[in-house]
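Please treat every number below as a calculation from the coordinates, not as lab data. Note that the coordinates shown come from a computational prediction; the quantities given were computed from them, not determined experimentally. Cβ: placed from backbone, ideal geometry, glycine included. Neighbour counts: every protein chain shown.
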Amino acid sequence: MNFAKRIEYSFIIILICSTIITIAGIRGFQKLEPFVSTLNSSNTKSLYYAEQMLSSISAKKDIRNFEEYLNKAKNNITEAGEAEVIEKIEGNYQPSFYGNNLYEEETISDIAELSRINRIAMEHAGYRAKKIQTVGIWIIIFPSIFIWIIGLTLLARLERTFIKPIQELNDVIVDYNSGNCMRRCPSHTASKDLQKLYDGINRILDEK
């Protein structure tokens, strides 16, 4: 493999590595959604506890079952406003099981509020995760695009000012050794240093 090809392949490898890193970063951010779902497990539990309390008070009339899930909800507080709502439920639920319709309606309303708080929290978490995911992906994509632009620009410039002139010089020497004594290096190239080399090679060939 000649020197010019090595340079080209080195740039290509850099660009490929940049692309791989970008893809890996994007896949990492795409995995954020299941991670948020795991974080939302406490909200899911609170919703389940609320459903069980609602079933116990409205259908089963099972105060023990109600108290069991009320205690679980009390030990699973994660959102603002939950503690206050649970405190209200604790103060009102007992009369609800002894025929007091007013307390029962208020307790059911508080349970619905507990569910609402956790549903909104889950929706907000999902929205934030989606926003972070989108921003994160673009943060990864932009540097990759920048690297590609810079890399291709440098490669094109390197090929124009160095790789092609060196290849031209090599072809002139190969042709001369093959019997083509008329071929000469171009009279103009993008690199001044290489142009001096061209002129020197041409003088040597002219003297032979």
Magnitude of the Cβ-charge dipole (Lys and Arg +1, Asp and Glu -1) of the range 52-100 about the Cα centre, nearest 20 debye, reported as 260
Residue separation times 0.36 nm, minus the C-alpha to C-alpha distance between Asn101 and Lys61: what's the value? 13.1 nm
Below 8 Å, C-alpha to C-alpha, sequence gap of six or more: please give me the relative contact order for the range 56-158 in percent. 20
By the scheme Lys and Arg +1, Asp and Glu -1, what is the net charge of all other residues having a beta-carbon under 13 Å from that of Gly81? -3
Give me the extension gain from Thr19 to Thr134: residue separation times 0.36 nm, minus the current Cα-Cα distance, reported in nm with one decimal. 39.6 nm
